[in-house]
1. Tell me what the chain gives for mean residue ellipticity at 222 nm when only DSSP H runs of n ≥ 4 count, each as -39,500 (n - 2.57), the sum divided by the residue total, rounded to 500 deg cm²/dmol.
2. Grab the Cα-Cα distance for Val81 and Asn224, subtract it from 0.36 nm times how many residues apart they are, and report the gain in nm with one decimal.
3. Can you give me the accessible area per residue for the chain, using a 1.4 Å probe, in Å²?
4. Where the accessible area of the chain is counted over protein heavy atoms with a 1.4 Å probe, how much of it, in %, is carbon and sulfur?
5. Just Gly153, Gly293, Gly263 to compare: in a GNM of the chain, with alpha carbon springs under 10 Å, which one fluctuates most?
6. Please give the contour-minus-distance gain from Glu326 to Lys110: 0.36 nm per residue of separation, less the Cα-Cα distance, rounded to one decimal in nm.
7. Stick to the Cα atoms of segment 71-200, pair each with every other, and give me the Kirkwood hydrodynamic radius in Å at one decimal.
8. Separation between the Arg339 and Ser281 pseudo-spin-labels, each 7 Å from Cα along Cα→Cβ, expressed in nm?
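The values are calculated or read from the model by the stated rules, or taken from the named source; none is laboratory data. Given the structure is predicted, the values throughout are model-derived calculations rather than measurements. Counting neighbours? That spans all protein chains shown, and the Cβs are built from the backbone with ideal geometry, glycine included. What goes into the accessible areas is simple: the full protein's heavy atoms, side chains included, and nothing from ligands, DNA or RNA. Shrake-Rupley method; radii C 1.70, N 1.55, O 1.52, S 1.80 Å.
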Amino acid sequence: MAGTIITDNVVNGFGGEDRVSLSGDRVSRAVIRGDDILFYTENGYKLRLNNVKGHYIELHDADGAHYKHYSGSYTYRPIDVIQTFMAALDKTTLSGSKALDEAIDACSTKFSTIKEAVAQCVADCKAAGNANTFLRKYCGIELTDQDTGAITGWDAANPDSKDDEDVVPETGSMKTFSGDSFTVNGLTLNIPAKLTSAQKTIINGLYTWWTKEGLDLITASYGNNYGFTSSSSATVKEMDVEFVTDKSNYLALVQYAYDTSTGKTAKLTLKVNMRYYNAISSTDVNGESSTAGAAYLDRTLAHELTHAVMAANINFFSKLPNFIVEGMAELTHGIDDQRQSQIVKLAGSSSQLSKYLNINDTK
């Protein structure tokens, strides 16, 4: 590392591309501090990499696990692969596993079918032997830092960390909406006539921030075709908003109706479960609710808007496997800060992972 100065476990003076290796020690936790990264090791040491923003950094520990920070020069980033994959799904005339095969072939030089990619993933999980090694070494997933794992965030090799409060950014004060519909980024939301105070807060949030910021995040994640503007291939550009009180554990959901012969979506409905959001704060920009189990509503809506965008732009969206449908929605805002136990459980069992990633050829 030419020009690099290491003093008291603080690394300064990065230039171009650098690699840092820890001999005989393992990283137990990584914390982002502005433009710096602070690593804690199992032996009780701290290593701070100062001012790494704008550089390509790799840190390898004794396990071979690595933490990457890309900005500027790189071979590829996860987001580039995902956008190529999603562009192929947007254009394909195929459905189900055949559409996924086409998308895998478009974004990979190693795999030509989804089954090949899944088989490698399961083999890597088995070879790792435990969840932590598999997640860190093979997937580049770090569960202990502040980043949520969003495809636009630090854990996916982008310059900026995306924590639970800033993955969907909001600026300015909430505006008050009155009327029966409004249009943001090409999507028209149809609003119910009678609203409770909590429901009005949600509509105001959608009007002020959450629709635009959610759709902007989806476009940044998956490419310019994924939206409702004139440059997209969306077959429907309006969505009804409904409020329900459901004993189920879903926070919100998007329903879609489509032509079974063409696979094109013709109607979208967003349902918000007021069981969780009757206690929503009228002043919190993230849509915080005091009800147990309620996530920030801005992240919940970014997830659901991903379903809406994909349904409107991908023919035969309903024939995609659940790990694609839900996985892409989770990648939009990241979920590793909220579902660590489920992620670790799945990543620690190659047989369970294989079962979850099963491809139904009949679709």
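1. Result for the chain, helices only: -9000 deg cm²/dmol.
2. Details: separation 143, 0.36 × 143 = 51.48 nm, distance 1.47 nm.
Value of the extension gain: 50.0 nm.
3. 47
4. Numbers: 7940 of 16890 Å².
It is 47 percent, rounded to a whole number.
5. Comparing Gly153, Gly293, Gly263 in the GNM, the peak value goes to Gly293.
6. Working: separation 216, 0.36 × 216 = 77.76 nm, distance 2.47 nm.
Using 0.36 nm per residue and subtracting the Cα-Cα distance, I get 75.3 nm.
7. With all distinct Cα pairs of segment 71-200 included, I get 18.6 Å.
8. If labels sit at Arg339 and Ser281, their model points lie 2.5 nm apart.
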